[in-house]
1. 222 nm [θ] for the chain, helices only, -39500 (n - 2.57) per DSSP H run of 4+, per residue, to 500?
2. Mind telling me which of G208, G302, G56 comes out most flexible in a GNM of the chain, alpha-carbon contacts under 10 Å?
3. Roughly what % of Cα-Cα distances in the stretch 253-392 sit above 20 Å, to the whole percent?
4. Within 10 Å of each residue's Cβ, count the other Cβ atoms and sort Y198, Y122 from fewest upward.
5. Can you tell me the 0 to 90 degree angle between the C-alpha axis of helix 240-251 and the longest principal axis of the chain, rounded to 10?
6. Can you give me the three principal axis dimensions of the stretch 97-238 from its C-alpha atoms, in Å, biggest first?
7. To test your reading of the geometry: what angle, between 0 and 90 degrees and rounded to tens, separates the Cα axis of helix 313-322 from the longest principal axis of the chain?
8. Among F326, F166, which comes first, second and so on when ranked by fewest other beta-carbon atoms within 10 Å?
Amino acid sequence: MKPRTRAAHPPRIELRPDNRPLVPPVYQSVKFELETLADTEGVWRQEEPGYSYSRGGNPSTHALELEIADMQGTETAVVVGSGMAAVASALVGLLASGDHVIVFAECYVPTRNFLRTVLARYGVTHTLLSIDDHQGLEKALASQPTKLVWLESPTNPMLKIADLAFITGAARRHGALTVLDNTFAGLHSHLDCGVDVYVHSLTKYAGGHGDVMGGAIAGPASLIDSVRRDVNMLGPVLDPHAAFLISRGMKTYYVRRAAAVATATTLAQQLATHPTVRRVHYPGLVDHPGHARGLKQMADSGTVLTIDLVGGPEGVRAFTDALQLFAVTASLGSTESLLVPPQLMGNMSLSSEMLKASGFTPTSIRLSIGLEDPEDLYADLCQALEHAAALAS
Ligand SMILES: Cc1ncc(COP(=O)(O)O)c(C=O)c1O
């Protein structure tokens, strides 16, 4: 063969079947071939197991799907290129034109925006309620046929704990599906809590290192198969290398999560007694209104806490600018601690009524706790709080 042909067909190392790498390889291949046309036809027609084209399936992404379904306690899962791709794919895959959705004011802002803008164009309507408004939920479910109820718990950024038993029970009685964006609570949380479908941003705790994006939709095959079919057409695939990075992150998921939860709990307790902090919102604190419910529903209290500062917006600015260890940026579940001040939170787009119901204030600051030493984090928070207090006095 000539060099050009050899370059296009480089040598392959075929391992003997009993000689396996401990870390599975990244199947960074778009196409897969089989020995015969008959076998290829079988795979293409999905009559035989195998892979042909990575948009429809790839061993690296498939392995991650199995892992996520197992951890979340569901029959199956499909992974996609970001958390928002998971949100959009779940909504597109489960809804049809003319369907009605109930969503909560405390939900991730782009999710609400997707319903309000994109899905509205396709005739999907929605009702916006506060997650605490049980009466409103009953009323909305009774007043018109509803296809699904979309929720998050703990909510972002005020960390309210939704009453999952009530919401899933009410939805089921009215023939509506429940979809829980379980990103904040984590893949190990809310097992058997009655929701039909789970959605995750794998960008957060699963990847865990802030260097890869991904999303997942998990649930029974009867629902996820239609989402998978639509994903194959829409094409928001997770790249095999991204799947590999997320799978690698998953190996340390539990230890990272436990360490960050322990630090978040310690910091929440310390900040709750700090004179320049008006209030700490963290479900792990015994005086949090959702504490008991959280203990019942969740595997742990999470790694995100929100503090309301004493003083006004200038204090928020001084506090934020003085912090050394907290990066001012979106996301959570990473190795480093992060902060989102109220100026950057899309909740400000809510009506004043919904904003009040969500509990959000102009000095509410969301902290996502990472893997740093808790003493260093507390010292950094204290010096920044002093800066903010100096401005207020
Ligand atoms: C609750 C929730 N859902 C979905 C997403 C979207 O995830 P991604 O950024 O991976 O698209 C986020 C991102 O912050 C989130 O917080």
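Where a number appears in this text, it was derived from the coordinates with a stated rule and is not lab data. For clarity, every value in this text was computed on a predicted model and none was experimentally measured. Glycine also receives a Cβ, built like all others from the backbone with ideal geometry; neighbour counts cover every protein chain displayed.
1. On the way: 14 runs with 154 residues, N = 393.
One gets -12000 deg cm²/dmol as the mean residue ellipticity at 222 nm.
2. Taking springs between Cα atoms under 10 Å, the residue moving most is G56.
3. The calculated P(r) of the stretch 253-392 puts 45 percent of pairs beyond 20 Å.
4. Arranged by neighbour count, lowest to highest, Y198, Y122 become Y122, Y198.
5. In the chain, helix 240-251 runs at an angle near 50 degrees to the longest axis.
6. In descending order, the Cα extents are 44, 33, 28 Å.
7. That works out to roughly 60 degrees.
8. Sorted ascending by nearby Cβ count, the order is F166, F326.
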